[in-house]
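Derivation of every value follows stated rules applied to the coordinates shown; laboratory data play no part. Keep in mind the model is a prediction, meaning the values are calculated, not measured. Note: ideal-geometry Cβ built from the backbone for every residue, glycine included; neighbour counts use all protein chains shown.
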Amino acid sequence: MKKIVIFASGGGSNAQAIINHFAESATVAITKVYCNKQEAGVLGIAAKANIPTIVFTKQEMESGLVEASLATEMPDLIVLAGFLLKIPSAIVQRFSGKIVNIHPALLPKYGGKGMHGMHVHEAVVAAKEEFSGITIHYVNEHYDEGAPLLQSTYKLVKEETAHSLAANVLKLEHFYFPRVIEFLMR
Ligand code: GRF
């Protein structure tokens, strides 16, 4: 059985899509959800799916608590699905090539520190971009700079707003992220 753990900080709609995708899988299991926010929606999603969770602070992650948990868990893949903290380099090194992230824009544009959630879509709309989309990529020591695994492009409509763009890009995330993970776990 291949083991996946999910890191998330917020609502967890990507985590839900991934959990649903592998619900009947005989070869892949989501064994833990890691979260840095006590009241994050993703914790309720994990509980409903009977997936154990671990909640930690930024300080606890930086003090090695999360790395110790991962050393026991030994996942085949670490999936960042709306996780807003930088992964400590000790974890990036220990799990090199086994950490993936999804970014709601066509990196390298609209990436880097602070570029998350609605900030991304507001910047894309303000810049009157013709296209946006998603980037699923390996995670390295620098925000959003790891090798790309998949990009999918969305053509903005004339009257696009940051909110409508967010909703359209989220649909691409929910479709492609589970399938890229499935390919990596083949
Ligand atoms: C998504 O927009 C994703 O691209 C970004 O954070 C958001 C997570 O949303 N990394 P959710 O918590 O999965 O609903």
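If I model a spin label at A23 and Q38 as a point 7 Å from the Cα along the Cα→Cβ vector, what separation in nanometres do I get?
About 3.1 nm separates the two model spin labels.
Which is the longest stretch in the chain that no exposed loop site breaks, taking sites as GluC sites (Glu not before Pro) with a DSSP loop state and at most 10 other Cβ atoms within 10 Å?
Between the exposed loop sites, the longest stretch runs 40-129.
Would you kindly state how much longer the chain becomes between K58 and Q151 on full extension, computed as 0.36 nm times their sequence separation minus their alpha carbon distance, in nm to one decimal?
Result for the pair: 30.5 nm of gain on full extension.
Kindly write out, for region 138-151 in residue order, the coupling ³J(HN,Hα) from the Karplus curve 6.51 cos²θ - 1.76 cosθ + 1.60 (θ = phi - 60°), rounded to whole Hz, with x marking Gly and Pro.
Those phi angles translate into 5, 9, 10, 6, 10, 3, 6, 10, x, 4, x, 9, 7, 10 Hz.
Going by amide H atoms built from the backbone, whose H comes under 5 Å of the H on L150, apart from near neighbours?
Hits under the 5 Å cutoff: I136.
What's the percent breakdown of Cα-Cα distances in region 1-75 across 5 Å bins, shortest bin first?
3, 16, 28, 24, 18, 8, 2, 0
State, to one decimal in nm², a quarter of the convex hull surface area for the C-alpha atoms of region 48-143, i.e. the direction-averaged projected area.
Computing the convex hull of the Cα atoms and averaging its projections yields 7.3 nm².
Among T27, T72, T53, which one shows the biggest mean-square fluctuation in a GNM of the chain, springs joining Cα atoms closer than 10 Å?
Comparing T27, T72, T53 in a Gaussian network model of the chain, the most mobile one is T72.
³J(HN,Hα) across region 86-102 via Karplus (A = 6.51, B = -1.76, C = 1.60, θ = phi - 60°), whole Hz, x for Gly/Pro?
6, 6, x, 4, 4, 6, 4, 5, 5, 10, 3, x, 10, 10, 10, 9, 10
To the nearest 0.05, how large is the calculated FRET efficiency for A123 and S89 if R₀ is 30 Å and r is the Cβ-Cβ distance?
0.65
Which residue, A90, A26, A162, has the most motion in a Gaussian network model of the chain that connects Cα atoms within less than 10 Å?
Of the options given, A26 has the highest mean-square fluctuation.
Return, for the Cα atoms of region 115-186, the radius of gyration and Dmax in Å, separated by a comma.
13.1, 41
If I model a spin label at H142 and L170 as a point 7 Å from the Cα along the Cα→Cβ vector, what separation in nanometres do I get?
Roughly 3.1 nm, to one decimal.
Give the relative contact order (percent, whole number) for the chain; include only Cα pairs under 8 Å separated by 6+ residues. Write down the numbers at each step before the final one.
Numbers: 323 pairs, mean separation 37.5, N = 186.
That works out to 20 percent.
Once the convex hull of the alpha carbons of the chain is built, what does its volume come to per residue, in cubic angstrom?
Normalising the Cα hull of the chain by residue number yields 107 Å³.
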